[in-house]
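Here's the structure, in structure tokens; my notes come after.
Throughout, read-outs are computed from the coordinates displayed, never taken from laboratory work. Every value quoted in this text rests on a predicted model; they were computed, and no experiment measured them. Cβ: placed from backbone, ideal geometry, glycine included. Neighbour counts: every protein chain shown.
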Amino acid sequence: MSERRLVLVVGVGRSGTSLLTGILGQLGLHIPLPEVMADDTNPRGFGEPRWAVDFHSRLLKRLRVTVNDSRPAAWELTGAVADEPPVRQELSTWLGGEFATSDRVVVKDPRTVWFLPLWRRVADDLGATTSFVTMLREPPEIIASAKKSYGDWQADASRAAAWINVTLETERSTRGLPRAFVRYSDLLADWDREVRRVGELTGDPMLAVVERADFPSVDEFVDPTLHRNIVGWDQHDVPKHVRALGDEVWEQVQSLARPGDDDAAAQARLDASREAFTTLYAEAEAIAQSSVTAAKRGGPKHAGQGRRAKPSLRVRLARRVPVQYRRRLRATLRSLRG
């Protein structure tokens, strides 16, 4: 009986996780079906199992946590899910079914990182070896890509803070486990070199000996022109203290992609950055308490100023449609009217 292997591709959304998962799928790892449908924001596919996306989304909604949540305290909420037997059983039933299809399964969903203790516990119960591959991309580029894909409902400063929060916790929660860090630009430039490095670091013998000549379809799949949104901080409205911390974390975390640099000294520097971010966020929360209080009460009611008018049914329904589909829906409606 071959060894069961679960590869979790993690990292902040829009960091290249879909590209890596697509490559691993073509190299023989099993991507559970059905997948989330490709669209204009990711024309080559997301590589995301529909079941996993729905599973994570339901849990996040119950816990009032967003996929790009910048609150350091949110990790305690999502981590506690691993202690809920019904949730563990639900994931175990699904994942066990996927292992019945293949002994080598790869799962990618930006929401997965919020539930890594749950995934590790279930995989251990199923006798699977779990490894983690974290994709890295410069935060200003991720913010630009996210704005195009998901809209501007989240402020640039909040997205930058979320990048710091998720990146730091992803690193901490995978310490001491089979893991690899891959820079998006490196994967685009030399995919087979990066895959072999992933195989060596995670102990996957099949990935460690991959040869580019044996997989011409991957060369067609990896398109360097996919590296769009090459921008800097000047294109975003982010406070200088958040920028500075983001740059610091970026320098620290991308060093983990260099041979031999994922060591105790690097982890200590990241711990210091996490403490600095936790302090910064606590200060921001304390300063913004009046704004939070006003929002909870529906906003200030001065003379002549009532509550904001309730959006129409049409607007409320439109807001439920994902941003990437709204243009298509509007075009369809216009054609029907014409």
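Let me see the P(r) profile for the chain: every Cα-Cα distance counted, bins of 10 Å, each bin given as a percent of all pairs.
Computed distribution, short to long bins: 5, 23, 33, 25, 10, 3, 1, 0.
Run the dipole for the chain about the Cα centre, Lys and Arg Cβ at +1, Asp and Glu Cβ at -1, nothing else charged, and hand back the magnitude in debye, nearest 20.
On the way: 50 positive and 45 negative charges, 535 e Å.
Roughly 2560 debye for the chain.
For segment 15-126, what is the Kirkwood hydrodynamic radius in Å, using each pair of distinct C-alpha atoms? Let's see the in-between values first.
Working: mean 1/r = 0.0678 Å⁻¹.
Final number for the Kirkwood radius of segment 15-126 is 14.8 Å.
Taking every pair of distinct Cα atoms and averaging 1/r, then inverting, what Kirkwood hydrodynamic radius in Å comes out for segment 68-181?
Numbers: mean 1/r = 0.0640 Å⁻¹.
Every distinct Cα pair counted, the radius reaches 15.6 Å.
Treating only the Cβ of Lys, Arg, Asp and Glu as charged (+1, +1, -1, -1), what charge dipole size does segment 1-157 show about its Cα centre? Round to the nearest 20 debye.
Numbers: 19 positive and 20 negative charges, 14 e Å.
Computed about the Cα centre, the dipole is about 60 debye.
Only Cα pairs under 8 Å and at least 6 apart count here; give the relative contact order of the chain as a rounded whole percent. Mind showing how you got there, number by number?
Details: 404 pairs, mean separation 70.2, N = 338.
Taking the mean separation of contacting Cα pairs over the length of the chain, I get 21 percent.
Quick one: ASP54, ASP156, fewest Cβ neighbours within 10 Å first, how do they rank?
Values: ASP54 12, ASP156 20.
Taking fewest neighbouring Cβ atoms as first place, the list is ASP54, ASP156.
Could you work out the helix-only [θ] at 222 nm for the chain, with each DSSP H run of four or more residues adding -39,500 (n - 2.57) and the total divided by the number of residues, to the nearest 500 deg cm²/dmol?
Numbers: 16 runs with 184 residues, N = 338.
Mean residue ellipticity, 222 nm, calculated: -16500 deg cm²/dmol.
To make sure I understand, if each residue's beta carbon is the centre and we count other beta carbons within 10 Å, what order do MET135, MET37, MET206 fall in, fewest to most?
Numbers: MET135 25, MET37 10, MET206 13.
In order of increasing Cβ crowding within 10 Å: MET37, MET206, MET135.
Which of ASP40, ASP262, ASP69 comes first, and how do the rest follow, when ranked by fewest Cβ neighbours within 10 Å? List each step's numbers first, then the result.
Numbers: ASP40 11, ASP262 17, ASP69 22.
Least crowded to most crowded, the residues run ASP40, ASP262, ASP69.
Got a sec to turn the phi values of segment 250-264 into Karplus ³J(HN,Hα) couplings, 6.51 cos²θ - 1.76 cosθ + 1.60 with θ = phi - 60°, whole Hz, x for Gly and Pro?
Per-residue couplings from phi come out as 4, 4, 5, 6, 6, 5, 5, 7, 8, x, x, 9, 8, 10, 4 Hz.
Can you give me the long-range amide H partners of ARG104? Hydrogens built in the peptide plane at 1.01 Å from N, cutoff under 5 Å, separation of 5 or more residues or another chain.
When sequence neighbours closer than 5 places are left aside, the close amide H contacts are ARG5, HIS30.
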